[in-house]
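Peer 1: Sharing a structure, written as structure tokens. Questions coming.
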Amino acid sequence: MTIATKQNINQRVADELKLVTGIDYYIVHRIPGRIRFRIPLLAHDPDYAQCLQELLKSDSRVLAVRVSCWASSVAIKYQLPDSKNDLTPAYLVRLLHEAKIRKTHKSQIPSQTVAASDDTGVKLPALATVLALLGLGFPIPRAIIGATVALAALPIAKRAYASITRSRKLNIDCLDLMAIALTSAQGNLLTPALVMTLHEIGDLIRDRTARVTEHHAADLLDSLGHYAWVAQPDGQKKRILATQVQPQDTVIVYPGEQIPVDGQILRGKALIDQQKLTGESMPVVRQVGQAVYASTLVRAGEIYIQTERVGSATRAGASIELVQQAPVHDTRMGNYAAAIADKAVLPALIFSGLVLAATRNPARAASILTLDFVTGIRVSLPTTFLAALHHATRHGVLIRSGRALEKLAQVDTLVFDKTGTLTKGDIEVVEVETVTGRLSSQRLLSLAAAAEQRLTHPVAQAVVKYAEKQGIEILPRQEFAYEIGLGVRAEIDGEQVIVGSDRFLRQCGVPLDCLYEPHRCNHADCPHHLNCRISAHDSLLYIAVNQEFQGVIYYTDPLRSESATVIEKLQSEYGMEIHLLTGDNQQRAIAVAAELNLPLSQVHAKAFPEQKAEIIKKLHNSGKTVAFTGDGLNDSIALAYADVAISFGGGSEVARETADIVLMDDNLSSFLEAIAIARETQAVIKQNISLAVFPNLAALGLATTVGLHPLAATVVHNGSAIAAGLNGLRPLMHQDPPRKDVKV
């Protein structure tokens, strides 16, 4: 069966099932062992996403599932023991429908576990508290209040039992259960009800925080080309999925298209933009016999490529694999306090036991168990993070997790990619300079722009844009010939114009005179020799008219307007060590470092993706907390290995989804806001710890010596928890104007 026949069958089955199930979806790509669906329902129904993930994982043939609600997609990796056991699209689509049925069924049964955490979890302790309070003034049977308290404590008892039997350790739930049991045994039902209510509120905040900051990672392989034109044996060209291309296939790539495979050029010549892969701001010329890589863009020319590697085997795919293998950190914020709480269990238990043995007073022991020091932290810490993350979004900064916020406050070393991060990533004309005594700069620019019009090279586009900005008329172009990687020859206004490199002018028989002196420009005797400028800047475009050299146009990839200010503040106000890391050449890297006052020892040029990751790891291993800022596919590995990864909303999808922090308005100044918010959050957390610990410590002293009623102990530690929680909300008190320019 041919590939085309399989595709037709799969599509027909998919269309039929779509009508039956009522679920809108389509298959993004499918290769043996892996399939990816786009399902719009995932974007606005997290319950369906959860049911689908659980259902897929329950199938023994499914090896891995990646559900991305943000990207409305699910990627499924499955085993292929034999052809009979291959999971067909029809079977998987039926699972999509079954997940919808299960989700609907669960939503109709509120007693299910799915709803319990957000519904019953808080309601039962709250009901117990209300009944206990009413019982102080109304004749409510204590049996009813006690039964409600017992039901509310049942989840705590289950967790404590599971911790003892499965993990073989005491956790905070064991401590809570003992305090509830002791106070309830003394007939005090209000105290345990209040304790459980506050704890459940803290857990609810923690779970909410985890959902808000869930990592919406899109499938990184989407950054590679989706389709490819493949030459057929009969001479025809066929458009197929890039994942279906086989090694040795001949792939044709046209101007403006992305190269979908790694391979060698069999025929043709092209100007290729490799910025996503290598970070080089300038396109390169590739011709027969030279290698080209997936994810790069053909600016001009048409090439035939003999395929060598496809998909994850390409250089871009290998970068993605390295990203996925990089150290992965938990993004759930609610577990910080749990770790602290678990460490406090045994000391609190031993201390309360000693007090009980010495005083024979269960109330004092219950008070000590109640004063666990961590309730305030459990409630306030996730609240603080949630408030800080919300505050950051108002400054145009998306921070994906509490861990990222915490690490950002500790960063002492910042590594920046150059192209597109510190620089604009777009070529701009800086100056037009003419040979003394010949054409004016306006006439020279007019002729050059006329020759360069409608060419796809970024320098040509920059020249035309600069001429238009200067109000110079773009003259019509008659016959012209464009030489990829060299320049263009054209007839403009009755004159023969040549625009390109110095080598191109020499090939055309044009001698290069000095711009300032009336003699030929020789490197040995001319202080203004153009080649000196070339070696320093590599940013000159030469123009000749009627076989006579007339002048040059200077161009560059300029710094972002805010780069210098941001770097200066990071160094002076925050005392950070700044590194420049780029795949560009040494001369350009040094020139940018000089503009930003960075020492040459902190400049790393000609760095491929793997080398960037090595530099990040080396800095990290030296004891530094490292943040890396980049925006391209070539930066994704370094982003994955950094302690804090930072990218732009307008960056590549891979960089954006790998990053812990995304500057949504594509402005480096927002990063200063992010650091300020992170450090303020760190200060608030320290304040909250003090608010939670010191009142409980004082109450513990009273409970140990003169005695403290369990209800009073509850008021102290719950009051401190409330105070810490309110303090954690301070970032939300800032009245920042909404950012209308932010695009997510």
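The values are calculated or read from the model by the stated rules, or taken from the named source; none is laboratory data. All figures in this text were calculated on a predicted structure; none of them were measured in a lab. In this analysis, Cβ positions are derived from the backbone assuming ideal geometry, glycine residues included, and neighbour counts consider all displayed protein chains.
Peer 1: Working only within segment 570-601, note down all residues that are surrounded by 15 or more Cβ atoms within 10 Å (Cβ to Cβ) and either on the phi > 0 side of the Ramachandran plot or of a type in the set (Lys, Arg) (or both).
Peer 2: Arg588
Peer 1: Sticking with this one: Scan segment 654-708 for residues that are touching a residue at least 40 places away in the same chain (Cβ under 8 Å), on the phi < 0 side of the Ramachandran plot and either of a type outside the set (A, V, I, L, M, F, W, C) or assigned to a strand (DSSP E or B) (or both) and report the count.
Peer 2: First, the residues of segment 654-708 that are touching a residue at least 40 places away in the same chain (Cβ under 8 Å): 654, 657-665, 667-675, 677-682, 684-685, 687-689, 691-693, 696-697, 699-700, 703-704, 707-708.
With the extra rule that they be on the phi < 0 side of the Ramachandran plot, the set shrinks to 654, 657-665, 667-675, 677-682, 684-685, 687-689, 691-693, 696-697, 699-700, 703-704, 708.
Right, trim to either of a type outside the set (A, V, I, L, M, F, W, C) or assigned to a strand (DSSP E or B) (or both) and you get 657-658, 660-663, 665, 667, 669-670, 673, 679-682, 687-688, 696, 704.
Total meeting the criteria: 19.
Peer 1: Have a look at Leu354, Leu405 and point out the one that is surrounded by fewer than 22 Cβ atoms within 10 Å (Cβ to Cβ), modelled with pLDDT of 80 or more and assigned to a helix (DSSP H, G or I).
Peer 2: On the way: Leu405 fails: surrounded by fewer than 22 Cβ atoms within 10 Å (Cβ to Cβ).
Going through Leu354, Leu405 in turn, the sole match is Leu354.
Peer 1: Taking the residues in segment 264-282 that are over 22 Å from Leu541 (Cβ atoms) and modelled with pLDDT of 70 or more as candidates, determine which candidate is nearest to the chain's Cα centre (by Cα).
Peer 2: Among them, the one singled out is Gln264.
Peer 1: Further question on the same structure: Looking at Lys57, is it modelled with pLDDT under 80, more than 25 Å from Leu241 (Cα to Cα) and under 30 Å from the mean Cα position of the chain (by Cα)?
Peer 2: Yes; evaluated as a whole, the condition is true for this residue.
Peer 1: Conditions first: (1) at pLDDT below 85; (2) touching a helix residue (DSSP H, G or I) at 6+ places or on another chain (Cβ under 8 Å); (3) within 23 Å of Gly630 (Cβ to Cβ). Ala564 passes all but one, so which condition is the exception?
Peer 2: (1)
Peer 1: Please work out if Asp417 is touching a strand residue (DSSP E or B) at 6+ places or on another chain (Cβ under 9 Å) and not small (Gly, Ala, Ser). Outline the logic, then answer.
Peer 2: On the way: touching a strand residue (DSSP E or B) at 6+ places or on another chain (Cβ under 9 Å): yes; not small (Gly, Ala, Ser): yes.
In short, yes.
Peer 1: What number of residues within segment 578-603 satisfy the criterion of being of a type in the set (Val, Ile, Thr) and part of a helix (DSSP H, G or I)? Don't jump to the end; show me each part of the working.
Peer 2: Taking segment 578-603 as the starting set, the residues that turn out to be of a type in the set (Val, Ile, Thr) are 578, 582, 590, 592, 603.
Adding the requirement that they be part of a helix (DSSP H, G or I) leaves 590, 592.
Matching residues across segment 578-603 total 2.
Peer 1: May I pose another question? So, Glu431, is that one out of contact with any helix residue (DSSP H, G or I) (no Cβ under 7 Å at 6 or more places or on another chain) and either modelled with pLDDT under 90 or over 24 Å from Lys269 (Cα atoms) (or both) or not? Before you say what the answer is, go through the steps one by one.
Peer 2: Working: out of contact with any helix residue (DSSP H, G or I) (no Cβ under 7 Å at 6 or more places or on another chain): yes; either modelled with pLDDT under 90 or over 24 Å from Lys269 (Cα atoms) (or both): yes.
In short, yes.
Peer 1: Turning to a different aspect of this structure: Between a residue in segment 408-426 that is more than 18 Å from Ile590 (Cα to Cα) and any residue that is assigned to a strand (DSSP E or B), which pairs come within a Cβ distance under 6 Å, given they are 6 or more apart or on different chains?
Peer 2: Leu408/Val644; Val411/Ala627; Val411/Val644; Thr413/Glu577; Thr413/Val626
Peer 1: Which of the following residues is surrounded by fewer than 18 Cβ atoms within 10 Å (Cβ to Cβ) and either over 18 Å from Gln186 (Cβ atoms) or out of contact with any strand residue (DSSP E or B) (no Cβ under 7 Å at 6 or more places or on another chain) (or both): Ser163, Ser167?
Peer 2: None of the other options fit; the residue is Ser167.
Peer 1: Out of curiosity, is Asp631 modelled with pLDDT of 75 or more, buried (at least 23 other Cβ atoms within 10 Å of the Cβ), in a loop (DSSP other than H, G, I, E, B) and under 18 Å from the mean Cα position of the chain (by Cα)?
Peer 2: The answer is yes for Asp631.
Peer 1: Residue under question is Gln478, and the condition is that it be in a strand (DSSP E or B), modelled with pLDDT under 95 and over 12 Å from Leu541 (Cβ atoms); does it hold?
Peer 2: Criteria met by Gln478.
Peer 1: If only one of Leu154, Leu194, Leu177, Leu182 is touching a helix residue (DSSP H, G or I) at 6+ places or on another chain (Cβ under 9 Å), without any contact (Cβ under 8 Å) to a residue 12 or more places away in the chain and within 24 Å of Val130 (Cβ to Cβ), which one is it?
Peer 2: Leu154
Peer 1: Right, here's the next one. Checking the condition buried (at least 17 other Cβ atoms within 10 Å of the Cβ), within 30 Å of Leu708 (Cα to Cα) and modelled with pLDDT of 80 or more, which residue from Ala242, Ala193 passes? So that I can check it myself, show each step before the final result.
Peer 2: Values: Ala242 fails: within 30 Å of Leu708 (Cα to Cα).
Among Ala242, Ala193, only Ala193 is buried (at least 17 other Cβ atoms within 10 Å of the Cβ), within 30 Å of Leu708 (Cα to Cα) and modelled with pLDDT of 80 or more.
Peer 1: When the residues of segment 469-479 are narrowed to those that are in contact (Cβ under 8 Å) with a residue 12 or more places away in the chain and not aliphatic (A, V, I, L, M), which ends up farthest from Ser440 (Cα to Cα)?
Peer 2: Glu479
Peer 1: Oh, and also: If we keep just the residues of segment 408-417 that are assigned to a strand (DSSP E or B) and of a type in the set (Val, Ile, Thr), which is nearest to Val464 (Cα to Cα)?
Peer 2: Per the stated criteria, the residue is Val415.
Peer 1: Do we have Arg102 as closer than 30 Å to Arg656 by Cβ, at pLDDT below 80, not small (Gly, Ala, Ser) and not assigned by TED's automatic domain parsing to the domain that holds Thr658 here?
Peer 2: Answer is no for this residue.
Peer 1: Here's something else I'd like to know. Test of understanding: among Gly425, Gly420, which residue is in a loop (DSSP other than H, G, I, E, B), out of contact with any Leu (no Cβ under 6 Å at 6 or more places or on another chain) and either at pLDDT 80 or above or not polar (S, T, N, Q) (or both)?
Peer 2: Checking each option against the conditions leaves just Gly425.
Peer 1: Restricting segment 60-72 to residues that are surrounded by fewer than 15 Cβ atoms within 10 Å (Cβ to Cβ) and over 22 Å from the mean Cα position of the chain (by Cα), which is modelled with the highest pLDDT?
Peer 2: By that ranking, first place goes to Leu63.
Peer 1: Leu439 fails exactly one of the following numbered conditions: (1) in a loop (DSSP other than H, G, I, E, B); (2) buried (at least 21 other Cβ atoms within 10 Å of the Cβ). What is the number of that condition?
Peer 2: In the conditions (1) in a loop (DSSP other than H, G, I, E, B); (2) buried (at least 21 other Cβ atoms within 10 Å of the Cβ), Leu439 misses (2) alone.
Peer 1: Which of the following residues is over 16 Å from Val397 (Cβ atoms), of a type outside the set (S, T, N, Q) and buried (at least 24 other Cβ atoms within 10 Å of the Cβ): Ala638, Ala645? I'd like the intermediate steps shown before the answer.
Peer 2: Values: Ala645 fails: over 16 Å from Val397 (Cβ atoms).
Only one candidate qualifies: Ala638.
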